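The next block holds one structure in the form of structure tokens; read it before the comments.
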Amino acid sequence: MSTAHIKEYPGGHIHMIGIGGSSMSGLAEMLLDQGYHVTGSDRDETYLVHFAREKGAEVMIGHKAENVHGADLVVYSAAIAADNPERKEAERLGIPAIERAWLLGQLMEGYPKAVGVCGAHGKTTVTSMLSQMMLENGFDPGIHIGGRLDAIGGSTRVGHGDLFITEACEYNRSFLHMPPTIAVVLNIDADHLDCYRDIDEIEETFGQYLSMLPENGTAIGNEDDPRIARLFEKLRCKVTTFGFDRKNDWYPENLQEDERGYASFDLMHDGKKAAEVHMGVPGDFNVLNALAAIATAAEIGLEPEKAADTVARFVGAHRRFELTDTVNGFEIFHDYGHNPAEMRNALSIARKRCKGRLWAVMQPHTFSRVRTLFDQYLTCTEEADHTLVTDICAAREKDPGGLNSGMLVDGMREHGIDAVWTPSFDETEEYIMSHCRPGDLVLTMGCGDINLLNDQIHRHLTEKQEKD
């Protein structure tokens, strides 16, 4: 891979392969804002492709060698294999090429306070919550989020202060290209086992990320997680902890939850009450997210009371338990959760809100994830009354054969779950519209293109209303 640097091409032509990814589309926006000419390509038309076009990028559908012609620098996502025709053509023509994480790391350079939020779950929520805290209190941060946040009008923001806030993803060890001065570790869990040997290697890689902190840096983490606690014991820099246990620096007391799952609590810091917190998003896992964001904001210099005020107003990033429609008396939500733990969390929120029957609509994501977490998928929707499973979203992978959603459904049924295989979005929509009743709640889940099912239902409803 080239060692090229984005700053070597001011105002240049940057071509982005896989521009429709959540991170890539955000980086495209950031480059456009800095005066670069951006082109890109992706496999399918998606809402993020449309977003990139709206911001000024020229996007081609389909990967073709000629798409890179004229580019000064090529950026590709980790999902783009070395045999991609555009990567091969860039190599043939001698056009320098860098992976997405390298670009993000380069854009972070020069910020005295560089915050990286990492972990298997919750990165987007914590990064979004922290970003909103900073913006509402007069800070001017650069921001990169793997989702869309209304508070910044997208997924990125070009800041002009000394602070940069970003998600730092462990997939393909990407975060090792993003040296932080403040590292926030939310959890360490078994995921991305297509590029890690096992959970121990994942823990070891998080340790490598933490080792990039300077001695005057700060590590912030959930010490209820034994793997994080073990890594923090080895650090020489400042360490701040959060969690439900009173051993942490930041923890909740008098924790209460209303009937919809929205929590309130006294925020404790070093054994003293620092603020009262009223959550604007439901779920006990979001209490942990709020603790992480507040602890980080305090490290940056924001008073806990002001951070807590933002938490009450924070309603989440897009694709995080997002209401997309109310149809014939039942609600349809979407959530980005794509591994079993995240799906279970999303359904726990939905269960409290649902007045009738709860429908889980799962799009399994990547064959490798389904294979390595197969048994966990079989029970993760047990809180739902009914489960629909679409075909597996291959994403960056090719179908290896011998694995499909029907096998998941068979295993779910053996565990007493009422599961149905509805392979396509058309079949899934037809099943939902013909079976759901007033008071029901439908939750589509996945990080692939399952959100397009919600868009499709909304479009068909709008068309029907216009005809009527």
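Starting with the fewest neighbours, write out D410, D162, D335 ranked by other beta-carbon atoms found within 10 Å of each beta-carbon.
Listing D410, D162, D335 from fewest to most nearby Cβ atoms yields D410, D162, D335.
What residue among I182, F206, V158 has its Cα farthest toward the positive end of the dipole of segment 142-214, where the charges are +1 on Lys, Arg and -1 on Asp, Glu, each on the Cβ?
Comparing the listed Cα positions along the dipole, V158 ranks first.
Test of understanding: what is the full-extension gain from D150 to D44, defined as 0.36 nm times their sequence separation minus their Cα-Cα distance?
Length gained between D150 and D44: 35.7 nm.
Between segment 379-457 and segment 232-255, what is the separation of their alpha carbon centroids in Å?
38
Based on DSSP, what percent of beta bridges with both residues in segment 322-467 are antiparallel, to the nearest 5?
20
Could you please rank F242, F164, F374, F51, placing first whichever residue has the fewest other Cβ atoms within 10 Å of its Cβ?
If I rank by nearby Cβ atoms, fewest first, I get F374, F51, F164, F242.
Of A395, I95, H435, which is farthest along the charge dipole of the chain in the positive direction, counting Lys and Arg as +1 and Asp and Glu as -1 at C-beta?
I95
Which residues does a label at A190 reach in segment 344-376, if reach means a backbone N under 12 Å from a point 7 Å past the Cα toward the Cβ?
371-376
With +1 on each Lys and Arg Cβ and -1 on each Asp and Glu Cβ, how big is the dipole of the chain about its Cα centre, in debye rounded to the nearest 20?
Charge dipole of the chain: 520 debye, to the nearest 20.
Just want to confirm a number: the relative contact order over the chain, from Cα pairs under 8 angstrom separated by 6+ residues, in percent.
Relative contact order, the chain: 11 percent.
Suppose R0 equals 45 Å. What FRET efficiency, 1/(1 + (r/R0)^6) with r the Cβ-Cβ distance, do E253 and L93 give to the nearest 0.05?
0.15
Between E204 and D325, what is the label-point separation in nm under the 7 Å Cα-to-beta-carbon projection?
4.8
If a/c stays under 1.5 just call it rounded; otherwise compare a/b with b/c (prolate if a/b is bigger, oblate if not). Do that for segment 6-101, with a ≥ b ≥ c from the square roots of the Cα gyration tensor eigenvalues.
oblate
Could you name the lysines whose alpha carbon sits less than 21 Å from that of K234, not counting residues in the same chain fewer than 8 places away?
Result set, ordered by chain and number: K247.
I need the trypsin sites (Lys or Arg not before Pro) found in segment 136-240, filtered to DSSP loop residues with at most 12 other beta carbons within 10 Å of theirs.
R197, K234, R236
Say the dipole of the chain comes from +1 at the beta carbon of Lys and Arg and -1 at that of Asp and Glu; which of A384, L255, I145 then lies farthest toward its positive end?
Result: I145, furthest along the dipole toward the positive end.
Starting at the first residue of segment 406-414, write each ³J(HN,Hα) from the Karplus equation 6.51 cos²θ - 1.76 cosθ + 1.60 with θ = phi - 60°, in whole Hz, x for Gly and Pro.
x, 5, 4, 4, 4, x, 4, 4, 5
Can you list the residues, at least 5 places off or on another chain, whose amide H is less than 5 Å from the amide H of T218, using H built in the peptide plane?
Hits under the 5 Å cutoff: I182, A183.
Roughly how far apart, in whole Å, are the Cα centres of segment 287-323 and segment 27-59?
Spelled out, the Cα-based centre of one part sits 29 Å from the other.
For the residues K7, K306, what sequence is obtained by ranking on other C-beta atoms within 10 Å, fewest first?
K7, K306
Before anything else, pin down the relative contact order of segment 40-137: Cα pairs under 8 Å, at least 6 apart, normalised by residue count, whole percent.
This gives 19 percent for segment 40-137.
With the crude spin-label approximation of a point 7 Å out along Cα→Cβ, what separation in nm comes out for H435 versus K464?
It is 1.7 nm.
Once a ≥ b ≥ c are taken as the square roots of the eigenvalues of the Cα gyration tensor of segment 110-313, is the result rounded (a/c under 1.5), prolate (a/b larger than b/c) or oblate (a/b not larger than b/c)?
Rounded, because the longest to shortest axis ratio a/c is under 1.5.
Hey, can you grab everything whose amide H is under 5 Å from the amide H of M60? Only 5+ residues off in sequence or another chain; H modelled, so Pro and N-termini drop out.
The list, which skips near neighbours in sequence, is G40, S41, D42.
Which FRET efficiency value, to the nearest 0.05, is calculated for S424 and K272 with the Förster distance at 41 angstrom and r the Cβ-Cβ distance?
That gives a FRET efficiency of 0.15.
Only four residue types carry charge here, +1 at the Cβ of Lys and Arg and -1 at the Cβ of Asp and Glu. Report the dipole size of segment 322-467 about the Cα centre in Debye, rounded to the nearest 20.
320
Computed from the coordinates I sent, Cα Rg over 2.2 N^0.38 Å equals one of (i) 1.11; (ii) 1.02; (iii) 0.97. Tell me the label.
(iii)
Give me the distance between the Cα centres of segment 195-227 and segment 77-135, rounded to whole Å.
Segment 195-227 and segment 77-135 have Cα centres separated by 19 Å.
For an R0 of 51 angstrom, estimate the FRET efficiency from the Cβ-Cβ distance between R413 and N216 and round to the nearest 0.05.
In this case the efficiency is close to 0.35.
No lab work stands behind these numbers, since they all come straight from the coordinates. Since the model is a prediction, treat every value here as computed from it, not as a measurement. FYI the Cβ positions are ideal-geometry reconstructions off the backbone, even for glycines, and counts take in every protein chain you see.
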